[in-house]
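Structure record follows, encoded as structure tokens.
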Amino acid sequence: MRYREALNQALREELEADERVFIMGEDIGVFQGAFKVTAGLLEEFGDKRVRDTPISENTIVGVGVGSAMAGLRPVVELMTINFALLALDQIVNHAAAIHYMFGGQAKVPLVVRMPQGGGHQLGPTHSHSLEAMFLHVPGLLVAVPSTAADAKGLLKAAIQDDNPVIFIEHEYLYGQRGEVPENGGPMRFGEAAVRREGSDVTVVGISRMAVTAERAAERLAHEHELEAEVIDPRTLRPLDLDTILESVKKTNRAVIVEEGWPHGGVGANLAALIQEQAFDYLDAPVARVTGADVPMPYSKPLEQAAFPHEEHVVQACLALFKDL
Amino acid sequence: MAREAAVSKEKSTGNGTADGAGAQHSLPDKDTCHAVLAKMMLIRRFEERAGEMYAKAKIGGFLHLCIGEEATIVGSTQAMRDTDYLLSTYREHGQAIARGTPPKTVMAELFGRVDGCSKGRGGSMHLFDMERRFLGGYGIVGGNLPLATGVALQCEYNGTEDAVVCMFGDGATNQGTFGESMNMAALWKLPVVFMVINNQFGMGTALERHSAVTDLSKKAEGYGVPGSRCDGMDVLDVHSATTEALRKAREDRQPQLLEAVTYRFRGHSMADPEEYRSKDEVEEWRRRDPIASFSKRLVDEEMFSEEDLEKLDQEAMATVDEAVQFADNSPFPDLDSLYDNLYVLGEQVRGWWSVDERSPEPHRGEREREAGRVPHELAEAGAAYAGVAEAQERKRRQRQADEEHGEGEGEHAADPRDVEGGGD
């Protein structure tokens, strides 16, 4: 099953299971979704449960927050993560703060879904990877599924949870196939997946980069006789730091791979946590492989040059062994 | 209709004038008049005392008082059903009280105490009372319009007869969320009354300096939301206009924009030197004081005696005394509650420690309330500064109060806290 179909299945199952669940967003109904994630849902559930909205991101999310406070369970789709920037006020000042600032009286069981990532030549306003921006905010949960199974299990969990969830998909992953368990239920946030076991270096891959990291690990094994342990955190808030630390304590080396920008990124955060909590175990500095520090360029060679590929991960891992 | 008289009067003289109201509504029964006047007086006395408590540094941060806007607040909320929802701005002590939130829990919130209506997390700008469907004061100008639209969507979705009133200031009509929310509410036929409390200023910027269209009731017409206007200084006019707007929103599923033309007698916040308006202008509006004018009518029409008024005022002051005493006796929140209610605990978040990264020590398996040694010590070390800051602040405000009372032409100390965005 493709990643987008797994998401569609999760939405369908949750719409069926709970009358309070509804989905809304730009062109998710009649148009079936910019990336076809919501295909067929309008026909099946009607326009009360599957709502096309005007192009008003801040208010779409705010309507989600308000309806969630009043007892519904909205799932909002934003067409790309860049458009979520128009809704940052509702996400940060409202969705994330309301349960806390009103002393726990109101809950915001809202899911905001959005795709991120480069590789499709969509240029500097439709291709970024901004998970670090949402990771920054207390009160939000942040999911970054990289497989079809995780996409389905985590989306179901997100819809069933009482906290606001930023659910970050990836444009490249939508078409990727993967096994999805029959009748699979919700998955738990805060449980990393070890995609590949290894004893030489820990590679943590975020979102699509979990896939890139796994491919790099294959090359490291075949071409360089290095066994990398690949960890996909799957959710960044809560973060399964324990699994990462246990791995680092075994391998004594860590590389973090993300598509987003280097400054204040997921890797910067994770490198700090690893050095704070596993400093004595490290045989080399924690390394990061990140996207280039530029707005995503349109031109194909420039775009490909601006985000990490297997080769970058392989080189970063090898560099950790150079001085031995 | 009397309201139309008031509206046309406003139109003929333009905004910002302080002449008398239009034709009068007849008085409702004595019990209703009693309830309305009692609420307005209570809000006035509450706000005056809150101002005093701010000068004594019992209250921190910003404090926005609604003195002058009592008729707008009470007239509109009296038109609501108990099951209707209200969302307001950061100038919302009056709204909470009008909806029935006990003044003592409002005062405790201003004091930052554990018995505050938001448990000391929100402060003056973020009061909340789920039980009474007062869904909050909000500190972001225009931030509550999408929320109100969402609450109204829930009413529509579940097929209830509930409606929503969303209050915001004249400044908020310039935000993008204003147009976005009007459009979506009209498109989806949601039961919501958007009530713009036009108090003539977006913080310190006068209406005609911040909005190209100064008849705010017209500002949503292009989005399919009809507008009307009422005299925000006349509690009966506000009540009548809100009743009609709510009826249309509830029964016809037609969202409404209702403008209440009013004036705040105090500054935008306590840290406002009011250099943007003249004392004469304030005086002119003060002659239309909504409480004094309603009281006068009640006496003139022999429904109330001067003694009745005096008695009501005494009751209001007693309630406020009690509120201050309650707030003073309420403890500050426990330091180990710092992380409480950050998340709804459950399947995905099993304890605050599962999302905290400030402490290098492992947390897993700890119970929620036990913050652990390091986070507790960090909180203790931080909280120790609270006492120091409070003493300094009390001194600064005392100095400022002395200067003002000394008739010195307000040399207002530059305070970094005086710089504030937004406005209503």
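The values are calculated or read from the model by the stated rules, or taken from the named source; none is laboratory data. Nothing here was measured: the structure is a model prediction, and the numbers come from that model. Cβ placement follows ideal geometry from the backbone for every residue including glycine, while neighbour counts extend to all protein chains displayed.
Taking B:Thr105 as the residue in question, decide whether it is of a type outside the set (Asp, Glu), in contact with a strand residue (DSSP E or B) (Cβ under 9 Å, 6 or more places away or on another chain), within 29 Å of B:Val320 (Cα to Cα) and in a helix (DSSP H, G or I). Here the answer is yes, as B:Thr105 does meet what is asked. Scanning the stretch B:29-65 for residues that are outside any helix (DSSP H, G or I), touching a helix residue (DSSP H, G or I) at 6+ places or on another chain (Cβ under 8 Å) and crowded, with 17+ Cβ neighbours inside 10 Å yields B:Ala57, B:Lys58, B:Ile59, B:Gly60, B:Phe62, B:Leu63, B:Leu65. For the stretch B:257-280, filtering for residues that are over 21 Å from the mean Cα position of the chain (by Cα) and closer than 23 Å to B:Phe168 by Cβ leaves 2.
Of the residues making up the stretch A:112-156, those that are touching a strand residue (DSSP E or B) at 6+ places or on another chain (Cβ under 8 Å) and within 11 Å of chain B (Cβ to nearest Cβ) are A:Leu135, A:Leu140, A:Leu141, A:Val142, A:Ala143, A:Leu154.
Within the set A:His120, A:His136, A:His126, the sole residue that is closer than 26 Å to B:Gly137 by Cβ and not small (Gly, Ala, Ser) turns out to be A:His136.
Tell me yes or no: at least one residue of the stretch B:66-78 is in contact with a Cys (Cβ under 6 Å, 6 or more places away or on another chain), more than 13 Å from chain A (Cβ to nearest Cβ) and assigned to a helix (DSSP H, G or I). No, the stretch B:66-78 has no match at all. Checking the stated criteria, A:Arg195 turns out not to satisfy the condition of being among the charged types (D, E, K, R) and under 30 Å from A:Tyr298 (Cα atoms). For A:Ala213, indicate whether it is away from chain B (no Cβ under 14 Å), within 14 Å of the chain's Cα centre (by Cα) and either surrounded by fewer than 23 Cβ atoms within 10 Å (Cβ to Cβ) or part of a helix (DSSP H, G or I) (or both). Judged against the criteria, A:Ala213 is not a match. Filtering the stretch B:121-141 to residues that are surrounded by fewer than 22 Cβ atoms within 10 Å (Cβ to Cβ), over 20 Å from A:Ile91 (Cβ atoms), in contact (Cβ under 8 Å) with a residue 40 or more places away in the chain and facing chain A (nearest Cβ under 10 Å) leaves only B:Arg133.
Consider A:Gly40 carefully, then state whether it is touching a residue at least 12 places away in the same chain (Cβ under 8 Å) and of a type outside the set (D, E, K, R). Yes, satisfied. On the stretch given as the stretch B:190-236, residues that are more than 22 Å from the chain's Cα centre (by Cα) and aromatic (Phe, Trp, Tyr) total 1.
Pick from B:Val324, B:Val320, B:Val261: which is crowded, with 18+ Cβ neighbours inside 10 Å, more than 23 Å from B:Gln78 (Cβ to Cβ) and of a type in the set (Val, Ile, Thr)?
Just a single option satisfies the conditions, and that option is B:Val324.
The condition (being touching a residue at least 60 places away in the same chain (Cβ under 8 Å) and not assigned by TED's automatic domain parsing to the domain that holds B:His25) is satisfied by just one residue among B:Asp334, B:Asp234: B:Asp334.
Taken residue by residue, the stretch A:18-35 has no member that is under 17 Å from A:Pro115 (Cβ atoms), facing chain B (nearest Cβ under 10 Å) and charged (D, E, K, R).
Please verify whether B:Lys248 is assigned to a helix (DSSP H, G or I) and under 24 Å from B:Val165 (Cβ atoms), treating the condition exactly as stated. Criteria met by B:Lys248.
One residue stands out among those in the stretch A:224-248 that are of a type in the set (D, E, K, R) and surrounded by fewer than 23 Cβ atoms within 10 Å (Cβ to Cβ): the one that is nearest to the other protein chains (Cβ to nearest Cβ), which is A:Asp242. For the criterion of being assigned to a loop (DSSP other than H, G, I, E, B) and out of contact with any strand residue (DSSP E or B) (no Cβ under 9 Å at 6 or more places or on another chain), B:Glu322 fails. Inspect the stretch B:95-115 for any residue being at positive phi, assigned by TED's automatic domain parsing to the domain that holds B:Ala323, surrounded by 24 or more Cβ atoms within 10 Å (Cβ to Cβ) and modelled with pLDDT of 95 or more and give the result as yes or no. No, the stretch B:95-115 contains no residue that is at positive phi, assigned by TED's automatic domain parsing to the domain that holds B:Ala323, surrounded by 24 or more Cβ atoms within 10 Å (Cβ to Cβ) and modelled with pLDDT of 95 or more. In summary, B:Ala212 fulfils each of the numbered conditions (1) touching a residue at least 24 places away in the same chain (Cβ under 8 Å); (2) surrounded by fewer than 21 Cβ atoms within 10 Å (Cβ to Cβ) with the single exception of condition (1).
Scan (1) touching a helix residue (DSSP H, G or I) at 6+ places or on another chain (Cβ under 8 Å); (2) surrounded by 20 or more Cβ atoms within 10 Å (Cβ to Cβ) for the single condition A:Gly291 breaks and write down its number. All conditions pass for A:Gly291, except number (1). For the stretch B:273-292, filtering for residues that are crowded, with 20+ Cβ neighbours inside 10 Å and over 28 Å from B:Lys219 (Cα atoms) leaves 1. Of the numbered criteria (1) surrounded by 21 or more Cβ atoms within 10 Å (Cβ to Cβ); (2) free of Cβ contacts under 8 Å to residues at least 24 places away in the same chain, the one A:Phe167 fails is (2). Selection of the stretch B:142-193 for residues being at negative phi, out of contact with any Cys (no Cβ under 8 Å at 6 or more places or on another chain), assigned to a loop (DSSP other than H, G, I, E, B) and crowded, with 24+ Cβ neighbours inside 10 Å yields only B:Gly143. Is there a residue in the stretch A:290-310 that is in contact with a strand residue (DSSP E or B) (Cβ under 9 Å, 6 or more places away or on another chain) and free of Cβ contacts under 8 Å to residues at least 60 places away in the same chain? There is at least one residue in the stretch A:290-310 that is in contact with a strand residue (DSSP E or B) (Cβ under 9 Å, 6 or more places away or on another chain) and free of Cβ contacts under 8 Å to residues at least 60 places away in the same chain.
So that you can scan it fast, the table gives a plain yes or no per residue for (1) assigned by TED's automatic domain parsing to the domain that holds A:Leu141; (2) at pLDDT 95 or above; (3) more than 29 Å from A:Pro138 (Cβ to Cβ):
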| site | (1), (2), (3) |
| --- | --- |
| A:Ala216 | no, yes, yes |
| A:Leu226 | no, yes, yes |
| A:Pro233 | no, yes, no |
| A:Thr251 | no, yes, yes |
| A:Val257 | no, yes, no |
| A:Trp261 | no, yes, no |
| A:Ala278 | no, no, no |
| A:Asp283 | no, yes, yes |
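In the stretch A:220-324, counting only helices (runs of 4 or more DSSP H) that sit wholly within it, the ones holding 2 or more residues that are under 24 Å from A:Val165 (Cβ atoms) and not acidic (Asp, Glu) span A:241-251, A:266-278.
Of all the numbered requirements in (1) at pLDDT below 70; (2) closer than 21 Å to A:His136 by Cβ; (3) touching a Leu at 6+ places or on another chain (Cβ under 8 Å), B:Trp353 misses one, and that requirement is (3).
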